[in-house]
1. Restricting to segment 265-275, give me the number of residues that are at pLDDT 95 or above and crowded, with 16+ Cβ neighbours inside 10 Å.
2. Tally time: how many residues in segment 181-202 are in contact with a Ser or Thr (Cβ under 7 Å, 6 or more places away or on another chain) and either within 16 Å of the ligand (Cβ to nearest atom) or aliphatic (A, V, I, L, M) (or both)?
3. May I ask you to list pairs of residues, at least six apart or on different chains, whose Cβ atoms are under 9 Å apart, with the first in segment 1-15 being outside the structural domain of Pro207 (by TED's automatic domain parsing) and the second being loosely packed, with under 11 Cβ neighbours inside 10 Å and in a loop (DSSP other than H, G, I, E, B)?
4. Before we move on, is Gly145 within 16 Å of the ligand (Cβ to nearest atom), out of contact with any helix residue (DSSP H, G or I) (no Cβ under 8 Å at 6 or more places or on another chain) and not basic (Lys, Arg)?
5. Return the residues of segment 179-223 that are over 22 Å from Gly18 (Cβ atoms), in contact (Cβ under 8 Å) with a residue 60 or more places away in the chain and small (Gly, Ala, Ser); say none if nothing qualifies.
6. Confirm whether Glu25 is within 25 Å of Gly205 (Cβ to Cβ) and modelled with pLDDT under 95.
7. Test of understanding: among Tyr129, Tyr90, which residue is within 13 Å of the ligand (Cβ to nearest atom), surrounded by fewer than 19 Cβ atoms within 10 Å (Cβ to Cβ) and not aliphatic (A, V, I, L, M)?
Amino acid sequence: MKQEIDLRSDTVTRPTPGMRAAMQEARVGDDVYEEDPSINALQDKLAQMFGLEAGLFCPSGTMSNQIGIKALTQAQDEVICYEGAHIYKYEGGGLFFISGVSVQLLPGNRGRLEASQIDRYIQPDNVHYPRTRVVALENTVNRAGGAVYSLADIAPIAALCQERGLKMHLDGARIFNALQATGEAATEYGAHFDTISVCLSKGLGCPVGSVLLGRAETIRYAKRIRKALGGGMRQAGFLAAAGLYALAHHIERLAEDHRRARIIGEDLAACAFVEEILPVETNIVISGWPPRSFSKVGAILP
Ligand SMILES: *Cc1c(COP(=O)(O)O)cnc(C)c1O
């Protein structure tokens, strides 16, 4: 019998029976009053995992990214990021709409920026220019086919930012994929970044949810911004319970996603109709096909 598997995105994952049971049993309270035990537990757990002081549960990764940037900038500042960065390209112009900042877009090496490249684009102190304030990285890099930064790639960028007085934001929508691929420890990340957005609704299988991590003072301000954006929720602990379940049960199996993605990549690369394929490092496979070749997909995915 033919079985259909939807491979469009890791966002189409659905909660497992175990996750649904955890949600059903969640202890909840009013999170705007900070009284939801499941949300508090999730925020604390992730903050501890990533070596930062506090966390803020958000309805989406777009919101946690945008709150992170807003918390680190003022209008007229500039953010340096990859030209295909989610914060710039896929968040509805939120950087300009919410933070009033401009961007300096860099091509990177398959989306990964390097300190020497960033250094050339830090604006001089001159009224003509916006003030460079934040370097935003994405790990893994979605548009570059899930390319991975290692901590060794990040450390020189963090050192440059430290030296030049710049803040660092991480769009960690797929940070657990990166950690799975490198085998590195999450706790190291807190030393490099001022804010980290972590998504639970991608490969971890949660229906909803992202968490912004940072120092306590940053997250206090971030909570104010979240309220203004309408992201302060009440008994959202049902969603946090899904997140806690995912952290306990779904991280290790990301390796399985990576293994399968690699096989799909190899099979696609062997297909005559595939014009181009990006290296497959994690769970994303990006390939270029000529128009009207979709009917052939059944041949490679029996
Ligand atoms: C999916 C994604 C986000 C967040 O998206 P939401 O759909 O708003 O949760 C942020 N960054 C990257 C790189 C993503 O792929």
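1. 1
2. Residues flagged as in contact with a Ser or Thr (Cβ under 7 Å, 6 or more places away or on another chain) and either within 16 Å of the ligand (Cβ to nearest atom) or aliphatic (A, V, I, L, M) (or both) within segment 181-202 amount to 8.
3. Close Cβ pairs (under 9 Å, with a partner that is loosely packed, with under 11 Cβ neighbours inside 10 Å and in a loop (DSSP other than H, G, I, E, B)) amount to Lys2/Pro302; Val12/Asp6.
4. yes
5. Once the filter is applied, which keeps residues that are over 22 Å from Gly18 (Cβ atoms), in contact (Cβ under 8 Å) with a residue 60 or more places away in the chain and small (Gly, Ala, Ser), segment 179-223 yields Ala181, Ala186, Gly190, Ala191, Ser197, Gly214, Ala216, Ala222.
6. So Glu25 does not fit the description; no.
7. None of the others qualify; the one that does is Tyr90.
Yes or no, residue by residue, for (1) surrounded by fewer than 23 Cβ atoms within 10 Å (Cβ to Cβ); (2) in contact with a strand residue (DSSP E or B) (Cβ under 9 Å, 6 or more places away or on another chain):
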| residue | (1), (2) |
| --- | --- |
| Glu53 | yes, yes |
| Ile67 | no, yes |
| Thr73 | yes, yes |
| Ser99 | no, yes |
| Pro107 | yes, yes |
| Leu113 | no, yes |
| Ser116 | yes, no |
| Ile154 | no, yes |
| Ala158 | yes, yes |
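The values are calculated or read from the model by the stated rules, or taken from the named source; none is laboratory data. Remember, it's a predicted structure, so these values are computed and weren't measured experimentally. Note that each Cβ is placed from the backbone with ideal geometry, even for glycine, and that neighbours are counted across all protein chains shown.
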